[in-house]
Amino acid sequence: MAEIFPRWMNRLPRYLVTASAAFAALAVFVVGYAFSPAYTDVGYMPRQPIPFSHRLHAGELSMDCRYCHASVEISPSASLPPSRTCMNCHSLVSRDRAVLAPLRESVETGEPTRWIRVHRLPDYAYFDHSVHVAARLDCSDCHGNVAAMEEVRQVEPLSMRWCLDCHRDPPETAAVRSGPTDCTACHR
């Protein structure tokens, strides 16, 4: 009797099972990676050009976040302080310390200190600090207890799910009971 199907068709189920297993393994890897700290940047703590101690400045000295991040109440960005802001105190305190040499050089040359941003959102996500500050969210709600950190590190995933969870159920201290959850609030 003549064969209806070619002989290679006998191997087709084995190929399909192997391909399905490979696809499932890839899907598990992709989903696992998407929710891992490697993707969400939880724990990210870059080495800064000047070892700035938030524990000392925001913690022990109780400096308000807005002293250095001056535009946080009026701008979408929290901004990084110009070197002159640091020198307001460091022209009197610890002015000759070797670790502050890049700061002094920055003031002398007019070149800004190249701080490395810790909390970054993708370009497709819009975030406005001033709106969140006006809603009386505390800096620590998103950034963690920075006053206890020697060096700032990212403690929250800053993912879409994390933001939506907060918009749906804000902290008790917030002036609002919910934030917008429509796509265009953050994706413009």
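All of the numbers you see were taken from the coordinates with simple rules; none came from a lab. Being a predicted model, the structure only gives us computed values, none of them experimental. We place every Cβ from the backbone using ideal geometry, glycine too, and count neighbours over all the protein chains shown.
In degrees between 0 and 90, to the nearest 10, how far off the longest principal axis of the chain does helix 12-34 point, with axes built from Cα atoms?
10
Can you compute the FRET efficiency between residue 105 and residue 176 using 1/(1 + (r/R0)^6), with r the Cβ-Cβ distance and R0 = 30 Å? Round to the nearest 0.05.
Working: r = 44 Å, r/R0 = 1.47.
Given R0 = 30 Å and the Cβ-Cβ separation, E is 0.10.
With r defined as the distance between the Cβ atoms of residue 185 and residue 74 and R0 fixed at 25 Å, what FRET efficiency is calculated, to the nearest 0.05? Working shown, then result.
Details: r = 20 Å, r/R0 = 0.79.
Plugging the Cβ-Cβ distance into 1/(1 + (r/R0)^6) gives 0.80.
Sorting 142, 183 on the 10 Å Cβ count, fewest up front, what's the list? Before the final figure, lay out the partial values.
Numbers: 142 18, 183 9.
Going from sparsest to densest Cβ surroundings: 183, 142.
Using label points projected 7 Å from each Cα along Cα→Cβ, tell me how many nm separate residue 53 and residue 134, to one decimal.
Here the modelled spin labels are 3.8 nm apart.
Considering all projection directions equally, how large on average is the shadow of the alpha-carbon convex hull of the chain, in square nanometres? Don't skip to the end; give the middle numbers.
Details: hull surface 71.7 nm².
The orientation-averaged projected area of the Cα hull of the chain comes to 17.9 nm².
What is the calculated FRET efficiency for residue 17 to residue 167, with r their C-beta to C-beta distance and R₀ = 41 Å, to the nearest 0.05? Mind showing how you got there, number by number?
On the way: r = 43 Å, r/R0 = 1.06.
E(calc), rounded to 0.05, equals 0.40.
Mind checking Rg over Rh on region 83-141, alpha carbons, Kirkwood formula for Rh? Don't skip to the answer; put the middle values down first.
Numbers: Rg = 16.3 Å, Rh = 14.4 Å.
So for region 83-141, dividing Rg by the Kirkwood Rh gives 1.13.
Can you give me the relative contact order of the chain as a percent, contacts being Cα pairs under 8 Å and 6 or more apart?
Once divided by the residue count of the chain, the mean separation gives 27 percent.
Calculate, in nm to one decimal, what residue 145 and residue 126 gain on full extension: separation in residues at 0.36 nm each, minus their alpha carbon distance. Mind showing how you got there, number by number?
Details: separation 19, 0.36 × 19 = 6.84 nm, distance 2.38 nm.
So the extension gain works out to 4.5 nm.
If you take every residue apart from residue 187 with its C-beta less than 15 Å away from the C-beta of residue 187, what net charge results, scoring Lys and Arg +1 and Asp and Glu -1?
On the way: positive: 161, 188; negative: 123, 128, 182.
Cβ neighbours under 15 Å give a net charge of -1.
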